[in-house]
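The structure appears below as C-alpha cells.
Values in this text are rule-based calculations from the coordinates and carry no lab data. All values reported here derive from a predicted model rather than from experimental measurement. Positions of Cβ are generated from backbone atoms using ideal geometry, with glycine treated the same way; all protein chains shown enter the neighbour counts.
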Amino acid sequence: MKHLYILGACGSIGTQTLDVVRQNPKEYKVIGMSVGSNLELAKEIIEEFKPEIVCFRKQEHIFSMSYTPIVVYGDEGLLAVSRYRGYENEWLVNALVGVAGLRPTVEAIQSRKHIALANKETLVVAGDIIRDLISKYNVELVPIDSEHSAILQCIRGEAAKDIAKLWITASGGSFRNKIRDELENVTVEEALNHPNWKMGPKITIDSATMMNKGFEVIEAHYLFDVDYEHIEAIYHPESIVHSMVEFQDGSIKAQLGVSDMRIPISYALAYPSHKSLMVEHLNLKPRTLTFQELSFERFPCLRYAYLAAQKGGLYLAVLNASNEAAVYLFLNKKIPFLEIEKIIEKEIMSSAYETKNTPSLEERIQVGKAVYVKILKEYGEIL
Ligand code: MN
C-alpha cells in the first residue's frame, strides 16, 4: 500500500490522481491533501477520501467537515502536509502550480517521502539541489509528465552511457497553426483552448509560448542526467509519441499512448510497473504520425530556456519568475500574448543576476520573488 499526500488535489493533475486512486483502492490511500479555492470540489473530495491532514489555501476557506482531520492552511500548511508522517511507503504527489511547489518538495524529501512530481518549477529552479537531496535521503523521484514518463519507460534496463539523445515531443500548443504575425491580437480564451490536452490555465499558456517545452528540457536534464546538447524538442502535433530516447547504435525507443494524463500518473504511482487502468487504449490503425523541427524563431521562449540553463546560477530562477509574472499578467488581461516573451527576454538578457557561486535554495527563492514583484509593479499591478 502506498500512502499519498496530494498537493493541489483540486487541480487538473490532482483530480486525475484521485481518479487513479479510486480505480485502485487496495494500492493507494490518501493520507493528506491540499485544496485550492474551488471549495465545492474541495468539500466533495475531502468527504470522499477523508484524509488525516487537510491544507486550505486560506484560513477563511476552512469549512466544517463530517470528521475531524488536522486542518492547516497557507504556505506553512503545505509544509505541514509535506512533513506529516505516520506510515511506511509515503509519497508526495506534488501537483502545485509554480514555484510555490518548491519548498514542499524539499520538505517532503527531508521527511523521507518519495516524490511523484508534476510541479515542473521545482526542477527548473532547483534541479541540482533536488538531485542532491534525493540521493542524500535515499528516496525516489518519479515524474508525472507525459514526456518524462515516456523517457523513464524507454530507459528502463538501459545503461546511461548508451543514451545518445533525448527527443521531447511537443504538441505545439494552442497557436501551432499560426505564424508569428498572427499572434498580435490573440485572446486569453483562444490561448486556453489547447488542441490535445486538457490542463490548468498556467501550463496551457506555457504550452502556447513553448516555455513548457523549455521547462521540460531542463527537467529532463536533471531527471536523466543528459547534457543540454543532447536534449532536443521536436514538433509532433498528434501527441501520440510522448517522447523518445535515441541510443549510441542508432536505435530509437518511443512510448506511445492516448493523451490522457492518468497514464503517466498511474505509472508514477505504480512505478516501475504498469498497473491496470480504465482508460482508452490507443487505436493505431488509422493513425498518421508526423514530426517537424521546432523553430527558435517561431518559439523564442524555447531559446530563452536553453539560454538560462547555459547561463546557470540564478538565471533559471529568473526564467521561472519572469515567466510566472508574465503569464499572470496575460491571464489577467494586462498584457498582450507576445509581451510574455518580451518580459522574459529582458530578464534573461540582463546581466543583473550574474553570480560566481552556486546560489542557495533561499537565494533562488528570494531573487525569484523580487523579479516577480518587480515585473508586476512595472505593469501597474499592486500586490
Ligand atoms: Mn508535458
Open item on the list: Based only on other Cβ atoms within 10 Å, what is the fewest-to-most ordering of ILE45, ILE218?
Closed with: ILE45, ILE218
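For the pairs LYS311/LYS356; LYS120/LYS334; LYS26/LYS198, flag any whose C-alpha to C-alpha distance is greater than 22 Å.
Numbers: LYS311/LYS356 11 Å; LYS120/LYS334 25 Å; LYS26/LYS198 28 Å.
In this structure, LYS120/LYS334; LYS26/LYS198 exceed 22 Å between Cα atoms.
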Task: Tail beyond 19 Å, pair distance distribution of segment 193-298 (Cα, percent) - done: 55
- [ ] Over the Cα atoms of segment 183-245, compute the convex hull volume and normalise it per residue, giving Å³.
- [x] 105
- [ ] Could you point to the residue in THR355, ALA126, HIS236 farthest towards the positive end of the chain's charge dipole, with +1 and -1 charges on the Cβ of Lys/Arg and Asp/Glu respectively?
- [x] ALA126
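Per DSSP helix of 4 or more residues, -39500 (n - 2.57); summed, then divided by the residues of the chain. What does that give at 222 nm, rounded to the nearest 500?
Details: 14 runs with 166 residues, N = 383.
That calculation yields -13500 deg cm²/dmol at 222 nm.
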Task: Reachable aspartates and glutamates, given that their alpha-carbon falls under 15 Å from the alpha-carbon of LYS285 and they are not under 8 places away in the same chain - done: GLU238
TODO: Kindly give the semi-axes, whole Å and largest first, of the ellipsoid equivalent to the chain, taking each as the square root of 5 times a Cα gyration tensor eigenvalue.
DONE: 30, 26, 22
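By count of other Cβ within 10 Å, fewest leading, how are GLU341, GLU48 ordered?
Working: GLU341 21, GLU48 12.
Least crowded to most crowded, the residues run GLU48, GLU341.
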Open item on the list: Nothing charged except the Cβ atoms of Lys and Arg (+1) and of Asp and Glu (-1): what's the magnitude of the dipole of segment 148-310 about its Cα centre? Round to the nearest 20 debye.
Closed with: 480
Open item on the list: With +1 assigned to the C-beta of every Lys and Arg and -1 to the C-beta of every Asp and Glu, and no other charges, what is the dipole magnitude of the chain about the Cα centre in debye, to the nearest 20?
Closed with: 580
Task: Residue order, fewest to most beta carbons within 10 Å, for THR68, THR358 - done: THR68, THR358
Open item on the list: Considering all alpha-carbon pairs of segment 1-132, what whole percent are spaced by more than 17 angstrom?
Closed with: 53
Task: Over the chain, relative contact order from alpha-carbon pairs under 8 Å, at least 6 apart, % - done: 14
Task: segment 241-326: GluC sites (Glu not before Pro) in DSSP coil with no more than 11 other Cβ atoms inside 10 Å - done: GLU280, GLU297
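Run through the DSSP bridge list for the chain and note the antiparallel percent, rounded to the nearest 5.
Working: 11 of 41 bridges.
Taking every DSSP beta bridge with both residues in the chain, the antiparallel ones total about 25 percent.
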